[in-house]
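Have a look at the structure below before the remarks.
Throughout, read-outs are computed from the coordinates displayed, never taken from laboratory work. Quantities reported herein were computed from a predicted structural model and do not represent experimental measurements. Positions of Cβ are generated from backbone atoms using ideal geometry, with glycine treated the same way; all protein chains shown enter the neighbour counts.
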Amino acid sequence: MTGSARAPSTRSAPARVRRARALRTLRRARRTAAPVLIALLGAVVGILLAPPTSVDVGPVTATVHLRPSLDPRTVILLPPVGEVAFDTHQAPVAVEARVQSVDIRRAEELLRSDTALADLEATAPDAITGAAVRNAATTALLAALGAATATGLTYRRTRRAIIAAGGAAGLVGASCGLVAATFDTRALAQPRFEGLLSQAAYVADIGTATAADYSSYRRTLAEFVGQVSALYVAADSLPSAGDAPQDLITVLHVSDIHDNPQAYDVIRQLIGQFPVDAVIDTGDIVSWGTSWENQQLAVIGTLGVPYVFIAGNHDGQAAIETVAAQPNAVVLSNEVQEVAGLRIAGIGDPRFAADDDSDAGGFAEGKDAVDATARQLGDTIAEHDAAHPDAPVDIALLHDPTQPEGLEGRVPLVLSGHMHTPEVQLDRDGSGTDWMVSGSTGGALASGGVRPVLDGGDPLDLTVRLLHIDPATHRVVAYDDITMGGLGLVSVSIERHRMPEETEPLVTPSPEPSPSQEATEPAPSAPPGEVVPDDQRVTDPAAPTAPVGVVDPDATQEPSPAAPATSGP
């Protein structure tokens with residue numbers, strides 16, 4: 001009995017020993033981990049306090065900054081239009097280079113000189129590498145100081161503080177060494193773009209399509225710096241608005257989106273990166289008048305700024321009503337509204353040709369209706385100005401600019417689209433009216449924009465225009481033309497134009513009977529603020545035709561023939 005009573009105690013002795021050993025191990029781990037954690041926290045604080053290192057690379061002044069990151073990459077920041085990222089290494093470090101300024105004189109010399117690029121090719125890599133090494137050394141020093149300070153204040157032991165400092169500096173050094181060891185220059189041929197650059201990468205000559213053209217990393221870097229210089233030379237052509245106040249009204253003019261969802265991405269990026277007060281869309285937001293197209297128009301309600309819209313010749317009543325249903329939308333139909341402090345008059349296009357209006361005499365017959373519509377809006381403006389002499393109309397919106405007589409001399413500025421090619425006519429026909437035509441913000445994607453590509457040429461560009469307006473005079477003091485390569489082309493240009501300081505007085509041309517008054521019925525019209533029904537507009541097709549291969553889910557009629565190969569704007 002005695003032996004059997006002692007057996008459990010004998011058998012439990014090894015278990016007690018194991019538990020005691022585990023507790024001692026845990027206590028030792030705690031004693032070891034606590035100093036490591038404290039040193040690590042101090043090092044992180046020191047790293048966060050490390051300043052970027054400035055470097056001059058040709059005409060570009062940039063800063064280089066190494067920081068810990070779980071997303072290891074090299075990022076080039078190009079304010080205010082976005083960034084370019086490259087997956088160049090595997091270490092848990094992000095290498096950031098931010099362009100701070102560009103010496104415009106030296107940049108222009110670089111772009112003009114035959115030898116400057118070669119000189120830049122020879123010096124740029126060493127300059128960037130030197131800046132990265134200096135920043136790594138600064139970061140390691142501050143990490144060591146942070147770790148030593150945190151450890152010393154906690155344990156009051158110099159030896160521990162020194163060990164912590166050495167460990168932090170070694171960790172930073174090892175991470176930077178791993179960056180250098182795993183750095184893959186071939187990754188520079190595979191950039192990722194964010195911001196406006198994600199829509200049109202204007203530094204993307206280093207893209208995959210042209211990677212074979214670069215013989216080395218040095219050449220690639222020199223080309224990149226050259227293109228950044230070109231960008232900021234273009235930006236330098238963005239002059240100030242002279243004596244105008246700094247709080248200018250900024251209007252983004254878009255037109256002829258033609259179902260291209262990328263256009264809304266561009267609009268959103270521009271709203272986020274520039275102080276846009278309102279968007280003005282001069283029509284042809286869709287192409288065929290089918291219900292599936294209208295579904296994407298809900299994105300307008302998410303843009304966060306007023307969206308002023310007039311119908312183009314491709315926009316049916318359903319599209320107009322979809323736009324009008326958005327909380328920030330203002331649809332103008334032969335009326336005047338105040339938006340962002342500006343008095344804007346607009347009228348929809350009198351034609352509706354959902355598929356194509358270049359056949360069956362559509363353009364010829366619609367020309368007179370456009371003329372009559374312009375005169376109708378001109379009369380509306382005249383009535384408004386007579387009733388509000390201290391608050392006249394500032395801007396008129398007309399989709400098709402080809403019949404200007406009805407608006408010339410009535411208003412200082414007219415915005416149009418339709419032509420898919422940007423144009424500016426100051427003091428048009430001596431009337432004092434400036435006429436600005438936007439190109440196609442959608443690259444006319446669903447209205448002939450693909451045709452040049454099929455024919456072996458380049459697609460139409462995506463274009464937008466930023467108008468900078470004096471809030472006191474309501475006159476445009478400068479405008480920026482932004483052009484992006486369409487359908488995957490990687491190019492962009494930003495060019496500012498300053499308007500003349502002296503403005504011409506408005507002169508209404510002598511009244512002449514319009515062709516529509518002489519030979520045709522008046523243009524379709526509705527009371528101000530009401531949309532003209534599709535069946536009352538000129539050249540209304542019997543059944544809108546969706547693009548080949550696309551079926552309108554709400555269509556009830558038999559399928560219509562495909563659109564002709566040649567499509568009108």
Can you pull the one-decimal nm distance between simple spin-label points at residue 126 and residue 291, each 7 Å off the Cα toward Cβ?
7.0
Once amide H atoms are placed 1.01 Å from N in the peptide plane, what residues at a sequence separation of 5 or more from residue 330, or on another chain, have their amide H within under 5 Å of its amide H?
307, 308, 309
